[in-house]
1. Under a no-solvent Debye model with one identical scatterer per Cα of the chain, what's log10 I(q)/I(0) at q = 0.10 Å⁻¹?
2. Taking the alpha-carbon centroid of each part, what is the distance from segment 236-286 to segment 125-178 in angstrom?
3. Of Ile212, Gly250, Met261, which is farthest towards the positive pole of segment 212-270's charge dipole, taken about the Cα centre with +1 and -1 on the beta-carbons of Lys, Arg and Asp, Glu respectively?
4. Which of Pro222, Gly137, Thr303 sits farthest toward the positive end of the charge dipole of the chain, with +1 on the Cβ of Lys and Arg and -1 on the Cβ of Asp and Glu?
5. What angle, in degrees between 0 and 90 and rounded to the nearest 10, separates the Cα long axis of helix 157-168 from the longest principal axis of the Cα atoms of the chain?
6. Over the Cα atoms of segment 192-323, Rg to Rh with Kirkwood Rh, two decimal places?
7. Determine the sum of side-chain charges near Ala262: Lys and Arg each +1, Asp and Glu each -1, restricted to other residues whose C-beta is under 12 angstrom from that of Ala262.
8. Nearest 10 degrees is fine. How inclined is helix 77-86 to the longest principal axis of the chain, computing both from alpha carbons?
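Throughout, read-outs are computed from the coordinates displayed, never taken from laboratory work. Just so it is clear, the structure is predicted and the values come from calculations on it, not from any experiment. Here the Cβ positions follow ideal geometry from the backbone for every residue, glycine too, while neighbour counts run over all protein chains shown.
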Amino acid sequence: MKISTVKKVFAAGAVLAAAALLFTGCNGNSDVEGKTFLNIGTGGTAGTYYPIGGAIAEVLNKEIPGMSASAQSTGASVANVNMLGDGEIDLATVQNDIAYYAANGTEMFKDKKIDGLQGIASLYPETCQFVTLKSSGIKSLSELKGKRVAVGAVGSGVEANARQILEAYGITYDDIDEQFLSFAEGASALKDGNVDVAVLTAGYPTASVQDIAAQNPIRLLPVDENIADRLTAKYPFYTKTVIPAGTYAGFDEAVPGVSVMAMLVAGPTVNADLGYSVTKAIFTNLDRLQAAHAVGKQISKETAKSGMSLPMNEGAEKYFSGK
């Protein structure tokens, strides 16, 4: 073989090796030239997860030396846990009930259990809201038998919430006219009079509910305290919540209910040291998350373990225990 040919082979091999190193460095937390790469899964660009995830990435980049974190728009909770399991992302915002289902192989993850999920922190409540028009005359969830109820899209976290809460009232889908509609579809159907109640799970105030309230007087249906106690005892991801009076225009009653928590979840690529650094950076810079979105004001160190539905990352646990 000629010397020039040998040089070309070595040069080509070096390029391929460098490309392979760069590729692996962009997934997980591998180091490339002193850089730590973290991909953060969020949600749609119009939702809450995206700005919160973007703010987390900015905090990590500023506070952790050598960090290169980026937030990407995804299909939210269910898509995020699948991507964490596949190693496509390293951190993600996920509803704590979805994380629980994934880790335990139940609901939409039946026979599809995902291993290696770790809790970093609970962030803020996403409240299960049962919305009706005042003109319906419905005032209690116990009155829903025989009613048309938009329970969320098939296989969604909302649908699971609706089913579990109604079940606590002794109501099954055999008792109602269930309609599997997304947030937007359910809100539209409620405005048009095609359903009696629409269910959604989201941080309040929720834009779609504000839109309905701007055109029609609404009522939020409460979850009775004894039912809330039953739910929180049976399912580790529910927490009690009160939606303040005046949250939505024209409705001035405080409404007791239950929430799941939006939480920050890590995949197996995040070790204890990195988990500690991430957690410390976030919770010593909460002002930046508060500036990113109104729900940021509900994120606190005091509630960081509320509704925690996963084994915690050892580094995150160390930070919160003050060790």
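1. -0.60
2. Taking the Cα centre of each part, segment 236-286 and segment 125-178 sit 23 Å apart.
3. Value computed over the given set: Met261.
4. Result: Thr303.
5. Orientation of helix 157-168: about 40 degrees from the principal axis.
6. My calculation puts Rg/Rh at 1.04.
7. Charge balance near Ala262 sits at -2.
8. 30
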